[in-house]
Each structure stands twice: as C-alpha cells, then as structure tokens.
Amino acid sequence: MRTVTFSEPNVQNILNQNFVNTFTNTNGDPTAGQSIKHRPTDPAGPCIRGNGQQNVQTLFMTPAGEIFHVATGFLSGDDLLKEAGFALDLFKQIKNNRNSDPSSFVAQAHRDRLKSLGFDESEINEQNDMARIMSMMNATPIGGRSGRVPGGANQSGSSMPGANIFQPFIERQFLEDNQFSIKHPMISHKQLERDPTQLVGNGQSFFASSSSGN
Amino acid sequence: MRAMLTHWGLVLILFISFQSENFGQEPMRQWSSRDNRQSVEASFQSYDPEAKQVTLQLQNGESLVVDLNELGRSDQRYVKSARNRLGTVDDAQSKGVIKKEVTPARPKHRDSSKVTTAYGIHWTPGIENALSNATGSESSEDDRPVMWLRVLGDLNGFM
C-alpha cells in the first residue's frame, strides 16, 4: 500500500486535507501475521482487496479515539478513496448527531451501506464461522455475479485478468469489515489494541512482494 | 553589621518563600514511551488511578493524557513518587497544582511540529498526538477524524 495506494494524488489529497493520519507498527503483536520482508522500493506484487488482513488495517476514529469504520487488508487507491469518503461522511453525521446515541447511529449507517450495495439481512446478520465457510463454499462460479464492493478499478476484484474467482473473498472481507462496526460501533482504540482478534481473527495471513527483501 | 544581617536575612526569607510557592509545581522533564521510540518534554500534572492515565503539561501549556503503561519504566516510577508527593487528583486540585477542568481542555493549536511526510501522506506519530491534533481548538466543529493505519512493519523501512 505504501508505494501503490499512498502514491496516488487523490489519496494524498483526501487524507491530508480531511484527516489526521497516524500509524502503528504491529511488529511483535501475535495477531499481526507474518510478512516476507520487502523494501518500499520492491515492486508491488499483485494484490486483491482484503489481502493480508492481519498485516494491515485501516481504521477511522473520532478525536476521542472511538473507531467508527474499518477496512482490513490491502486497499487499492480507489478502494481507500471510497472507504475514506464513507468515513468522512459518517464522521460529519456523527458530529451533527452528538445528542443522540452515536453507537446506534454508526451501526445503522453500516447496515444501510451494506443493504444499499445489495447485501441482504441474512448476510448482514451472519454471526458464526460456519456461516462464513458455507458462504464461501457456495461462492458464485467464475464469470458470475457483478461485484457488490465499492471502489476498486476492478469490480471483479483484482487487476489480474479473469479474477472473478476472488470476488466471493473480497465480498466476504468487505462484509466482515462492515459487520465489525455493526457489532462494535464506536469501540475505543484501546479496547481494540487489547484484543485485535475482534477485528482480525486468529488467522495467519502474510504479504510478499514480487521480489524478496533482505 | 546588624542592618546587613537583617538585610541578608530578609533576602534569604524571600528566597525560601519563592521556592516554597514553586514546591507544588512539578519540573519539566523528558518522558519516553515504553518502546523508547517517542519522547516529549513535559511536567507531571496528575494521575488518575481508575483510568490509569497520566496527565502531563507540555511546554506550550497543552495537556497530554497518556496511559501509564505506555510510559517507560523510569517514568512510571516517577509518576509513583509524584503521586506520593501530590496525593490524588483531588489533592492536587486542592493544592492548586492543577485546575479542575469541567470539560476536557481543547488544545490551543494543532501541533504540526512532529508531523512527518512519507509517500505524500502527512503522518502524526503516536495515537495520542494524532487524537490531540484531531481535536478542534475552538469547538467540536473543527474536529477532524483520524485515519489510523495498523501495519506490520515500519512505514519507511522493511515491512
């Protein structure tokens, strides 16, 4: 994401003009997965949205440290623009609705977002891993339905040709990210740091560039 | 001779009084994060045992709230000894060391001195600094959201 996503002028503009940006190096965190070390100058390998969920997460917070939106794994420039745009709109609504319960508001905003993109109630309300596995097993065959995930120059999910096979993975990742904000709206960053598995689970994903670093 | 001793005695008394008035003010010192990657010049203001948070006062007068366990060990020991000197938050307030705040203080201005730029993005190191910078100085209307990137690796080095 360093050399691919952040190098895009539109991404730089929206982040620098509207957000205060910070980062945390999760090296040493057992939930952070693994990575074949690569330099910033290494050519970026092909990545689809959501790759490396344990390696990288993009979270959006209020100045009080309340997380109101998340996107895990790799995000292309277009993906990040869409997520940052959604987060910015939601933040403005949170500010304008401080008198009402922001947690309910944030949860409902994510439900509405998923519904507007074509996810149905049963998908939004899925709770357990078995449902996730079954959903992936029933994934649409190659060349199937159009994507329901916003952003991405590749609604098919990847810059790689014939990449429809990844669409179910991408949609599943997107759904889970938004489900997180439905289940844990306005969770404090400290709570998440105490237990990142609430967001990233217990899996072990990893990133690799097309050439390995030293 | 007697007049000279009286004069110097008076000077000594004034000196001691001056020191006593400043006795309740904690001195400026270097505070470091637990991983020793970040440091800040500030004075100890108070410790909240329930939240386990330390309030520091920066040189520009702004307040900075930090979790106790985010500080280095020597800083944590300093907090403990400062607590013994100043007592609880209520004690510190009653002694006039800190003012009782009804609402959280807003930063007087956004501190851009520690912002670095990498890949065209302006980064504020440390979540607490970012949250402070995101807080509007006049009102919540000026508040900005924070984009927090949790990533395995250093932004400028190997990942």
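I'd like the Karplus ³J(HN,Hα) series for segment A:71-83: coefficients 6.51, -1.76, 1.60, θ = phi - 60°, whole numbers in Hz, and an x wherever there's a Gly or Pro.
Coupling constants for segment A:71-83: 8, 9, x, 5, 10, 6, x, 5, 4, 5, 4, 5, 5 Hz.
Ignore the peptide's own chain and count Cβ atoms of other chains within 10 Å of each Cβ in A:48-61; give me the average, rounded.
Whole-number average of other-chain Cβ neighbours for A:48-61 is 3.
Quote the FRET efficiency, to the nearest 0.05, computed for B:Met28 versus A:Arg98 with a Förster distance R0 of 41 Å and r equal to the Cβ-Cβ distance.
Computed FRET efficiency for B:Met28 and A:Arg98 comes out at 0.70.
Count, for each residue of B:129-136, the Cβ atoms from other chains sitting within 10 Å of its Cβ, then give me the mean as a whole number.
If you average over the peptide's residues, the count of other-chain Cβ atoms is 5.
Whole Å is fine, so just give me how far the alpha carbon centre of segment A:69-86 lies from that of segment A:104-127.
17 Å
Taking H placed 1.01 Å from N in the peptide plane, check which residues at least 5 places from B:Asp143 or on another chain put their amide H under 5 Å from its amide H.
For B:Asp143, the qualifying residues are B:Gly136.
What base-10 log of the normalised intensity I(q)/I(0) is obtained for segment A:53-133 from the Debye formula, alpha carbons as equal point scatterers, at q = 0.15, 0.20 Å⁻¹?
-0.65, -1.10
How do A:Arg49, A:Arg98 rank by accessible surface area computed with a 1.4 Å probe, from largest to smallest?
A:Arg98, A:Arg49
Given a Förster distance of 41 Å, report the FRET efficiency between A:Asn125 and A:Glu193 from their Cβ-Cβ distance, rounded to the nearest 0.05.
0.90
I want to check the label-to-label distance for A:Asp29 and B:Lys80. Put each point 7 Å from Cα in the C-beta direction and report it in nm to one decimal.
With each label placed 7 Å out from Cα toward Cβ, I get 2.9 nm.
Grab the beta carbon distance between B:Ser140 and A:Asp112, set R0 = 22 Å, and tell me the FRET efficiency rounded to 0.05.
0.35
Mind checking B:71-80 for the average number of partner chain beta-carbons within 10 Å of each residue's beta-carbon?
Mean inter-chain Cβ contacts per residue within 10 Å come to 0.
List the pairs from A:Lys190/B:Lys80; A:Lys183/B:Lys80; A:Lys82/A:Lys183; A:Lys95/A:Lys115 whose alpha-carbon separation is above 28 Å, in the order I gave them.
A:Lys183/B:Lys80
The values are calculated or read from the model by the stated rules, or taken from the named source; none is laboratory data. The shown structure was predicted, so the numbers you read here are calculated from the model rather than taken from an experiment. Note that we place each Cβ from the backbone using ideal geometry, even for glycine, and neighbour counts take in every protein chain shown. Please note that ligands, DNA and RNA were not included when accessible areas were found on the heavy atoms of the full protein model with its side chains. Shrake-Rupley method; radii C 1.70, N 1.55, O 1.52, S 1.80 Å.
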